[in-house]
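Everything on this sheet refers to the single structure shown next.
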Amino acid sequence: MSTITIAGPAGAEKVKAPPLRPQNRQLAILAVLVLIAIPLPLILPPAQGAVAVRILIFLLMAVGWNIMSGFGGMFSFGHAAYFGLGAYTSAYLLVKHNVSPWIGMVAGMAVAAAAAVLIGYFSFRYKLQGAYFALATFAFAEMLRLVVTSSAFANKAVGFTVPLIPDSSLWMLQFEADSPAYFWVALVLAGAAVAISIVFLHSRAGKYVTAIRDDELAAASLGTPVMRHKLMTVALSAAITAVAGAFYTQYYLFVNPELGFGSAVSIQAIVPVVIGGIGTIWGPVVGAIIVGSLTDVTATLLRTPPEFLGFLQGRSGLDVVLYAVLLILIVRLLPKGIVGTIAARWRR
């Protein structure tokens, strides 16, 4: 702790400087982490650079899910809906109308936020909570997947393939293969998402949201506008998740109904937060790094397994099995997640 000496006669009193506010301290830590991450694509081999980009996509999804389900306490099993809306809105505008992915990303955020407010309003209006709300979000995502699969407007099951352009372009969000620019763009987006979650959690609206999560009846009795803050939370959560979908489409140059709206997408948003720590700022960061790295390890294992695991070669689903095992271990041994458990022990 630094000290400030008050000017005066000999023996002047030394006054301790006030500590950084939690919000400013967390933003400072985030800035340091971003600065450390900037040179990574210049150091890592191309294959590992692609894994790093995927980790940042997981992080965007995890931050979005954590705002609704961690800070807000509204457990969602349908975040694939918002990821898919962001992906498809951006892809449609680019492929059909040659609109910049940045504009498509903003449009996708608006569409996803509007959809979240719609499903949220009716769910909260009819008092859906807990498992019932989770099932409603899951049903909404599945409905969108089926609608998109059968809709000529969305190119049915074929999906959209992003056309290649001859030169790199930041405006069209397309660069040479293995370009570090993809990582840097994803880093900016993920860093902004984490910064938004920090500011939101420490804002007056964030304090209302956590109060509603802890005791909705008590918060309402004190005059807190419950419906308004719940809808604000789901809209922000959906918008951030839509950014992940839009960037995913531009990075992989393809999206179809299963990649955009499949239940696996929702799992990829949930698992990092559960592992890292639900309702914490840094839980999604830690969880995304673990899950993203695990995905690469399983892909390598299935492609070139050791001799005693030769039966795994060419098979799929190992990542899901490992997710399940990891989740069981985390829930059993670290019920608050890695970050949550460390924070709880630190406060003792």
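Residues are listed down the side, and each one gets a yes or a no for (1) closer than 18 Å to Phe261 by Cα; (2) surrounded by 14 or more Cβ atoms within 10 Å (Cβ to Cβ); (3) in contact with an Asp or Glu (Cβ under 9 Å, 6 or more places away or on another chain); (4) without any contact (Cβ under 8 Å) to a residue 40 or more places away in the chain:
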{"position": "Ala139", "(1), (2), (3), (4)": "yes, yes, no, no"}
{"position": "Val148", "(1), (2), (3), (4)": "yes, yes, no, no"}
{"position": "Gly159", "(1), (2), (3), (4)": "yes, yes, yes, no"}
{"position": "Pro166", "(1), (2), (3), (4)": "no, no, no, yes"}
{"position": "Leu173", "(1), (2), (3), (4)": "no, yes, no, no"}
Here the residues within the stretch 126-162 that are closer than 26 Å to Met172 by Cβ and touching a Lys or Arg at 6+ places or on another chain (Cβ under 9 Å) are Val148, Phe160
Would you check if there is a residue in the stretch 60-68 being of a type in the set (S, T, N, Q), within 15 Å of the chain's Cα centre (by Cα) and in a loop (DSSP other than H, G, I, E, B)? no
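Which of the helices (runs of 4 or more DSSP H) found entirely inside the stretch 200-253 contain at least 2 residues meeting this: in contact with a strand residue (DSSP E or B) (Cβ under 9 Å, 6 or more places away or on another chain), modelled with pLDDT of 95 or more and farther than 20 Å from Ile119 by Cβ?
Working: elements: 204-214, 216-221, 226-252.
Output list reads 226-252.
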So Ile278 fits all but one of (1) farther than 30 Å from Leu94 by Cβ; (2) in contact with a strand residue (DSSP E or B) (Cβ under 7 Å, 6 or more places away or on another chain); what number is the exception? (2)
Quick check on my filter: what residues within the stretch 140-196 are among the acidic types (Asp, Glu) and not in a loop (DSSP other than H, G, I, E, B)? Glu142
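Only one of these is of a type in the set (D, E, K, R) and modelled with pLDDT of 75 or more: Arg345, Arg315. Name it. Reasoning before the result, please.
On the way: Arg315 fails: modelled with pLDDT of 75 or more.
Testing whether each residue is of a type in the set (D, E, K, R) and modelled with pLDDT of 75 or more leaves just Arg345.
The values are calculated or read from the model by the stated rules, or taken from the named source; none is laboratory data. Everything numeric in this text was worked out from a predicted model, so none of it was measured. As a convention, Cβ positions derive from the backbone with ideal geometry for all residues, glycine included, and neighbour counts pool all protein chains shown.
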